[in-house]
Structures are given as structure tokens and as C-alpha cells.
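Visitor: Dropping a structure here in C-alpha cells format, bear with me for questions.
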Amino acid sequence: MEIARGHDLTGRRAVVTGAASGMGAAAATRLMAEGVAVLGVDRVSEGIVGTHTLVADLGDGDSIAVIVGAAESLLGGCDILINNAGVCPAGPFAEMTEEQWHSALGINVTAVMKLTRALLPLLAASGRGRVVNVGSIMSRYGDAGLVAYTTSKHAVLGLTRALAMELGPHGITVNCVQPGAIATGMTRGLFEDTTGAKDYYASRSALGRVGQPEDVADVMVFLATDDARFITGQGIMVDGGVMVHS
Ligand SMILES: NC(=O)c1ccc[n+]([C@@H]2O[C@H](COP(=O)([O-])OP(=O)(O)OC[C@H]3O[C@@H](n4cnc5c(N)ncnc54)[C@H](O)[C@@H]3O)[C@@H](O)[C@H]2O)c1
């Protein structure tokens, strides 16, 4: 077996969702630095990172076909799919609206399924397709106030495992990073409030700090390289050891 090694991803093509902020922007930046042509997708137009950028809301019916069309016409295919876009409705279960529930499941799970399925022909044609989903420590644990989010991120892990089995014969690996508390747009409000949430999460980490987007983006990129060719169906905690606590 001839084995390609290393992080040289020159010539590969990636779709990164949620590329205007946080971990998606960091992943797009890192991939471009490795020579990847990136289609950055986000529902907000400002600050999308990518060789090509596309404004699309994954909750809209037409968006999936538009993204696939852009991958074909702008990239000429797709070797790497980073399903990163996500939302995190929070609050007491008793007050949770159906809209919040459907938003968490719709963006964090259903859109991931739809985009992966729609890009399947391109990923299979690649011969070394890579799908990297973004779960959470909430893919394995639960927390009050995060019922819809926790449910959605558990589903991301299940989707990852099942798709790994289904897509393996097409030469496609499917994995999921599971970030802990990372300083991004999603956590900005929480980390900037006066309750000491950032210090709390930092104190729970074995490394004494919260994560930065690049801490996770580098693992996403690794999973896209040939070095990660025999890893599939995995949920990889990238949490600074937060969940190692007894
Ligand atoms: N920040 C954390 O502590 C943390 C922890 C675990 C998992 N995550 C997950 O990491 C992923 C990235 O989040 P982040 O922390 O970088 O947050 P972020 O808010 O900084 O970035 C998320 C991006 O996704 C985009 N997005 C959201 N809904 C979209 C939609 N319907 N269509 C297109 N784009 C959409 C947003 O506009 C935003 O640019 C999410 O899946 C999130 O659940 C975050």
C-alpha cells in the first residue's frame, strides 16, 4: 500500500460552514494555509473566510443545492467538508420554545445530514473524502439549560458513527470534534458576563484556560490530512481536559 503522509493539502478543496466566526473561520484560515481551496459559507456576509465565499442560511430550503452548485463551479469538486455551523439556544427547559428546539435540531443535525448527503458524489469522486462534524462535550454529557443543544450534539455523534460505516466503502472518513469551552462568538456573551463563567471553565480545564478557535481548528485540519486516513467514526474531545474530572 502506498501511503501519503503529512499535512500538505495542496490542491484539495474544502467546504467550511459557519466560516464567518470562531472555529469555522479558524478552520478555513488553517486549511488555506495548507494550500486548500476553501468555499467558506455563512448566513452572515461580514467576515466570511475562504478562497471563495458564499452567503447561505443552512436553515433555508434552497441553500444546500446552492452550496453544492458553488462547490462544483468554484472549486471543481470537494475533498473536505467541515460541518461547523451551529446554534446554541439556551435557557430553562420549561421555557424552551418549539422554535428553539427546531432551530437546534435543524441547523446542528438536519443541515449536517443534508449537506453531507448532497456533497456525497463529490466527496466520493475525491477518493479520499473527509467529513469533519462539530459536536461538543455535550455530545457525551448533559447540562441544565441546554436541552435542545445537548440533544442535537448527541445526534451529531450518532450521525458521525453511522455515516462512517455507510461512507467508508466510498473512501470517505467521517469524524467529529467535540470542543469544550472555546472563546468564540457563541460564548462571547457568557465569557464577558460578570458571573465569572470564563474563570470557572478555565479552572475546570487541566490546562487552566478556555480554548481558542485554533485549538480546535488544528484538529479539524489534522482529520482532513492523510495522516488521519485510518481514523473514522470517532468523536474526539478537544476540551483541555475539562471532562477528565471525576
Ligand atoms: N464555542 C464553544 O464553546 C463550543 C463548544 C462546543 C461546540 N461548539 C460548536 O462549534 C461550532 C462553531 O461554533 P463557534 O463556537 O465557532 O460559534 P460562532 O457563533 O463563533 O460561529 C458559528 C458560525 O455559524 C454560523 N451559522 C449559524 N447558523 C447558521 C446557519 N443557519 N447557516 C449558516 N451559517 C450559520 C454563524 O453565523 C457563525 O458565523 C458550532 O457547531 C458549535 O455548536 C462550540
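The values are calculated or read from the model by the stated rules, or taken from the named source; none is laboratory data. Keep in mind it's a predicted model, so treat the numbers as computed, not measured. So basically every Cβ, Gly included, is an ideal-geometry build from the backbone, and we count neighbours across all protein chains shown. For accessibility, only protein heavy atoms count, side chains too; no ligands or nucleic acids. Shrake-Rupley method; radii C 1.70, N 1.55, O 1.52, S 1.80 Å.
Visitor: Please verify whether segment 49-63 includes one or more residues that are within 22 Å of Gln178 (Cβ to Cβ) and open to solvent by less than 70 Å² (accessible area, probe 1.4 Å).
Guide: Checking segment 49-63: at least one residue is within 22 Å of Gln178 (Cβ to Cβ) and open to solvent by less than 70 Å² (accessible area, probe 1.4 Å).
Visitor: Looking only at residues in segment 131-152 that are in contact with a strand residue (DSSP E or B) (Cβ under 9 Å, 6 or more places away or on another chain) and in contact (Cβ under 8 Å) with a residue 60 or more places away in the chain, which one is most open to solvent (accessible area, probe 1.4 Å)?
Guide: Taking segment 131-152 and keeping what is in contact with a strand residue (DSSP E or B) (Cβ under 9 Å, 6 or more places away or on another chain), we get 131-140.
After this cut, where a residue has to be in contact (Cβ under 8 Å) with a residue 60 or more places away in the chain as well, the list is 132, 134-135, 137, 139-140.
Details: Val132: 1, Val134: 12, Gly135: 3, Ile137: 16, Ser139: 5, Arg140: 105 Å².
Restricting to residues being in contact with a strand residue (DSSP E or B) (Cβ under 9 Å, 6 or more places away or on another chain) and in contact (Cβ under 8 Å) with a residue 60 or more places away in the chain, the top hit is Arg140.
Visitor: Just wondering, is there one or more residues in segment 53-64 that are assigned to a loop (DSSP other than H, G, I, E, B), under 19 Å from Gly135 (Cα atoms) and either in contact with a Leu (Cβ under 6 Å, 6 or more places away or on another chain) or more than 10 Å from the ligand (Cβ to nearest atom) (or both)? Give the steps one after another, and end with the answer.
Guide: Of the residues in segment 53-64, the ones assigned to a loop (DSSP other than H, G, I, E, B) are 56-62.
If we keep only those that are under 19 Å from Gly135 (Cα atoms) too, we end up with 58-59.
If we keep only those that are either in contact with a Leu (Cβ under 6 Å, 6 or more places away or on another chain) or more than 10 Å from the ligand (Cβ to nearest atom) (or both) as well, we get none.
Among the residues of segment 53-64, not one is assigned to a loop (DSSP other than H, G, I, E, B), under 19 Å from Gly135 (Cα atoms) and either in contact with a Leu (Cβ under 6 Å, 6 or more places away or on another chain) or more than 10 Å from the ligand (Cβ to nearest atom) (or both), which makes the answer no.
Visitor: List the helices (runs of 4 or more DSSP H) that sit entirely inside segment 167-232 and contain at least 1 residues that are modelled with pLDDT of 95 or more, away from the ligand (no atom under 16 Å from the Cβ) and open to solvent by 20 Å² or more (accessible area, probe 1.4 Å).
Guide: 213-224
Residues checked against (1) in a strand (DSSP E or B); (2) in contact with a Phe, Trp or Tyr (Cβ under 7 Å, 6 or more places away or on another chain); (3) at pLDDT 95 or above; (4) basic (Lys, Arg):
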residue	(1), (2), (3), (4)
Arg117	no, no, yes, yes
Val131	yes, no, yes, no
Gly145	no, no, yes, no
Thr151	no, no, yes, no
Leu157	no, no, yes, no
Ala162	no, no, yes, no
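Visitor: I'd like to check something: does segment 23-33 contain any residue that is surrounded by fewer than 17 Cβ atoms within 10 Å (Cβ to Cβ) and over 17 Å from Met186 (Cα atoms)?
Guide: yes
Visitor: Based on this model, can you work out whether Ile82 counts as within 15 Å of the ligand (Cβ to nearest atom), farther than 26 Å from Ile182 by Cα and at pLDDT 95 or above? Let's see the steps before the verdict.
Guide: Values: within 15 Å of the ligand (Cβ to nearest atom): yes; farther than 26 Å from Ile182 by Cα: no; at pLDDT 95 or above: yes.
In short, no.
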